[in-house]
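Okay, so here's the structure we're looking at.
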Ligand code: 5AD
């Protein structure tokens, strides 16, 4: 079956196909018969599985691929861990809190592990980082496997099935990407496609190079083949993934550039939206902005983590750019022919960050006017360069800086979102809230929009008029309904709730 990507819903059944979404029937048939053939070969061992995932989009997609590997071997996904013969935790260790969560969760499943035949495995970054220590702290775990060893999963599972109790996949020495025959896709209209794995950046705070191994890029032909197939299967949004997605380097003879790859994905018939994450400012080029300008399918959104607004801190973080160089990239994005929303990641309280350094970060928020900011207190991680630096900012001060930064950004976001009230935007509906009879979706700029809707709109693109805005989301009405009272229908100002707060909304009367 080569490296086909086949979407299978969490229950293993083909997804509902009402709106033309879902897997191509032939591909699905082939996948299911391959799974049955495998199942008949394995008479004992786990029959059902459940994967719980913490962390980033890469982890979410890794779990989709791991589920594909298991389903290709005849295992059936179930809705909760209690029903599963094989329980896998795909873990995150980017910050200490995330890593701690894993151990408390594993503790909670100690009792379940006594169920006859139940197998517990730990995957992902904590598995890689803690390795043997997991067996010591949670002896009920039988399998520990980091992402660089996922290609060995079938073999490791055979060992578990044969009754071995401490099965390890912990080598970081791989030049391979995790290619799977099947991918169980959890979202029926938006599909992740990995383009590069691992990370070679020297960022002083970050554990990823130690947990995901060296950088390795997938060939452009394979990526494009995946995207074409996904489009044929009805996925309209493609999200290209990589720790440093814009450092992708085509290993094939085509030698496409990252911007060239983006353009080609955007030109695939049926693809309406393309996103990519996460970019490193160091490799962010004007060609990427030109590609976005020239291809409407490339979303009006760039996530460009800055981490700090102080060049002194950036240098200690080993980010390889100064505040000024970062701002040049921002200017390039802001000068694009269409408005592109910009989001970022920020760490406060990094080793040696003074009040003045922090104030430069706050000033950067005003200067860039981000549309979204993900902010974190610095958390020292084992084996990173910063683990050897003095953690000079007290926890209380980190907390105060984080709160100050978030409040500052909240005001900026509210202002930027409110400027959209009265305008229209196209929303890809991602879910429906029956209690509120609300559709929830995203704009191309990655803003969340809530509006009165119907369950069958999920997966569709709907034109919405924005009627109210909070700092984190917009409220609207379907544009044709907004106009159904006649062009120039009277609008009144009313109050409603956005982001849990009272807001002012324009309503048709
Ligand atoms: N402490 C706090 N935040 C961190 N991040 C990465 N490592 C750490 C750390 N040790 C943040 C960065 C990164 C995001 C995914 O997580 O901002 O961009």
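Every number here is computed from the coordinates shown, using simple stated rules; none is lab data. The structure presented is a predicted model; accordingly, all values stated were derived computationally and were not measured. As a convention, Cβ positions derive from the backbone with ideal geometry for all residues, glycine included, and neighbour counts pool all protein chains shown.
Quickly work out the residue 161-to-residue 433 label distance, labels modelled 7 Å from Cα along the C-beta direction, and quote it in nm with one decimal.
Once both label points are built, they end up 4.4 nm from each other.
Given 0.36 nm per residue, what is the gain on full extension from residue 200 to residue 399 after removing their alpha carbon distance, in nm?
Using 0.36 nm per residue and subtracting the Cα-Cα distance, I get 68.6 nm.
Considering only DSSP beta bridges whose two residues both sit in the range 190-418, what percent are antiparallel, to the nearest 5?
10
For the chain, what is the calculated [θ] at 222 nm in deg cm²/dmol (nearest 500), taking -39500 (n - 2.57) for each run of four or more DSSP H residues and dividing by its residue count? It would help to have the intermediate numbers written out before the result.
Values: 15 runs with 166 residues, N = 509.
Helix contribution divided over all residues of the chain: -10000 deg cm²/dmol.
By how many nm would the segment from residue 480 to residue 354 grow when fully extended, if each residue of separation counts as 0.36 nm and the alpha-carbon distance is taken off?
40.1 nm
Please arrange 377, 329 by how many other C-beta atoms lie within 10 Å of their C-beta, fewest to most.
377, 329
Please give the residues of the range 390-416, grouped as numeric ranges, whose backbone N is less than 17 Å from a label point set 7 Å along the Cα-to-Cβ vector of residue 367.
409
For residue 112 and residue 407, what is the calculated FRET efficiency with R₀ set at 56 Å and r taken between the beta-carbons, to the nearest 0.05? Before the final figure, lay out each step's value.
Numbers: r = 42 Å, r/R0 = 0.75.
E(calc), rounded to 0.05, equals 0.85.
Run the numbers for residue 254 and residue 96: contour at 0.36 nm per residue of separation, minus the present Cα-Cα distance, in nm.
Net length gain for the segment: 52.7 nm.
So if R0 is 30 Å, what FRET efficiency would residue 426 and residue 105 give, r being the distance between their Cβ atoms, rounded to the nearest 0.05?
Taking R0 as 30 Å, the efficiency between residue 426 and residue 105 is 0.20.
Given points 7 Å out from each Cα along the Cα-Cβ axis, report the residue 338 to residue 385 separation in nanometres with one decimal.
Spacing of the two 7 Å Cα→Cβ label points: 3.9 nm.
For the range 266-374, what does the relative contact order come out to in percent, with C-alpha contacts under 8 Å and a separation of six or more?
About 29 percent, as a whole number.
Based only on other Cβ atoms within 10 Å, what is the fewest-to-most ordering of 152, 435? Kindly include the intermediate steps, with their values, before the conclusion.
Details: 152 18, 435 5.
Lowest count first: 435, 152.
Just for the chain, what percent of DSSP beta bridges are antiparallel, to the closest 5?
Here the antiparallel bridges make up roughly 40 percent for the chain.
Order these by the 10 Å Cβ neighbour count, fewest first: 350, 389, 358.
389, 358, 350
So what are the three principal axis dimensions of the range 190-418 from its Cα atoms, in whole Å, longest to shortest?
Extents along the principal axes: 53, 43, 28 Å.
Need the C-alpha centroid separation for the range 114-178 versus the range 349-428, integer Å.
The range 114-178 and the range 349-428 have Cα centres spaced 36 Å from each other.
Suppose we keep just the alpha-carbon trace of the chain; what are its Rg and Dmax in angstrom?
My reading of the Cα-based Rg and Dmax gives 23.6, 72 Å.
Pairs of alpha-carbon atoms within less than 8 angstrom and 6+ residues apart define the contacts here; what relative contact order does the chain have, in percent?
Relative contact order comes out at 10 percent.
Can you tell me what the convex hull of the Cα atoms of the range 123-177 projects to on average, as an area in nm²?
3.5
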